[in-house]
Amino acid sequence: MKAAILTGGGDCPGLNAVIRAVVRTLHNSGHECIGFLEGWRGAIQGNSIPLKAQETDEIIARGGTILGSSRTNPYKKEEYVGQLVENFHKLGLNALVAIGGDDTLGVAKRLYEEQNLPVVGVPKTIDNDLSCTDFTFGFDTSINIVMEAVDRLRTTAESHRRVMVIETMGRHAGWIACFAGIATASDFTLIPEIEVDVDKMCEVLKQRRAAGKTYGMIIVSEGAKLPAEGLVTKDAEIDEFGHVKLGGIGDTIADLIETRTGIETRVVTLGHLQRGGPPSAYDRVLGTRLGIHAARLVLARQFGQMVALRGLKIVSFPLSEAVGTLRTLDLDFMHEAEEFYKNV
Ligand code: F6P
């Protein structure tokens, strides 16, 4: 058997752990792997490298993806899908393991259903917003990066008696912001799932200051929406899957806080730092387990499936069930966080 692996969409820590595990598990059964470079672009262009178990053994500790990634959409141009299928057969492939978020896995699902390609999906994203899986790898590393940054920002905020607004990634789901808010004892966290209540946030900051807390920490998710303005976007540029670049809500929130409370406020946008660097132990283990189980699906020729974490077990779901529905933050987490956002 010869299987190809690709990583598509925004990179995230833990991708290399998955690649290593797929390669090793297939190698153990005497099978061969190649990697398409830069996501679907490599599959369309037939751009690939061999992947050997010995050579990929140490990549577990590396962030990003050794294969490169892109947001290329094969369904953007009619001829792309034909080229991709042709390359698949020309290379003598029997399986394709697509590691990606909803966009990449949506393409995998269509290729399986419409082109009969033997595909297995592995969910990844720092945003943790994919259906059918409890957690995605990359998320844990990301919230730890945010936590470390906020811990550092706290000491400068305190020294200057300022409010610090920290803007996180996460697109239209508040997982990163909410978890980071809980882990760093933020004074208030703003998420996309709940319309921003500026009055309440400013009231909490003022009351806490009056009660003796000389600084404030606000975490805002890039997808949080103000009642009047709605989503804040960086520019009008849309990617191949139709997504607009988010970013800038932190500045808006900081201005509002300064104007309404009179407290000096600064903003830090953490941006791509949240996706960089080595994966946490949790993400290395989760990525490894997902990779092993994706390879086992290949060995069992169970295609059209996505591996997923459910409780402590790695299970699988049909790609048709797993893609297309955004998994926003489970609001139970936010209600728990809110215990700490009640005035002083
Ligand atoms: O989906 C992961 C993510 O990091 C989002 O949180 C963020 O909005 C987006 O990707 C940024 O994408 P890019 O790397 O294309 O700027």
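The values are calculated or read from the model by the stated rules, or taken from the named source; none is laboratory data. Here the structure is a predicted model, which is why all the values come from computation and not from measurement. Glycine also receives a Cβ, built like all others from the backbone with ideal geometry; neighbour counts cover every protein chain displayed. The area values use the complete protein model at the heavy-atom level, side chains included, leaving out ligands, DNA and RNA. Shrake-Rupley method; radii C 1.70, N 1.55, O 1.52, S 1.80 Å.
To the nearest 10, the accessible area of R41 is 90 Å² with a 1.4 Å probe.
Taking all protein chains together and rolling a 1.4 Å probe, D330 ends up with roughly 70 Å² accessible.
Remark: accessible surface ordering of S69, S131, S320 (largest first) is S320, S69, S131, probe radius 1.4 Å.
Across the protein chains, with a 1.4 Å probe defining accessible surface, the residues H27, H89 rank H89, H27 from largest area downward.
Compute the relative contact order of the stretch 112-207 as a whole-number percentage, counting only Cα pairs closer than 8 Å that sit 6 or more residues apart in sequence.
Rounded, it is 21 percent for the stretch 112-207.
Compared with the direct C-alpha span, the chain from K234 to T155 gains 25.5 nm at full extension, assuming 0.36 nm per residue.
Tell me the relative contact order for the stretch 141-276 as a rounded percent, counting alpha carbon contacts under 8 Å between residues six or more apart.
Once normalised by length, the contact order is 33 percent.
On the basis of the beta-carbon distance and an R0 of 41 Å, A53 and A185 show a calculated FRET efficiency of 0.40.
The accessible-area ordering, largest first, of the residues R154, R284, R24 stands as R24, R284, R154, per a 1.4 angstrom probe. Legend: calculated FRET efficiency, M147 to A300, from the Cβ-Cβ distance at R0 = 51 Å, rounded to 0.05, equals 0.85.
The calculated 222 nm mean residue ellipticity attributable to helices in the chain amounts to -12500 deg cm²/dmol, summing -39500 (n - 2.57) over DSSP H runs of n ≥ 4 and dividing by all residues. Given a 1.4 Å probe and the protein chains as shown, I182 ends up with an accessible area of around 80 Å².
Here the contact order of the chain, divided by its residue count and restricted to Cα pairs under 8 Å and six or more residues apart, works out to 23 percent. Spatially, the stretch 189-205 and the stretch 80-114 are offset by 43 Å when compared through their Cα centroids.
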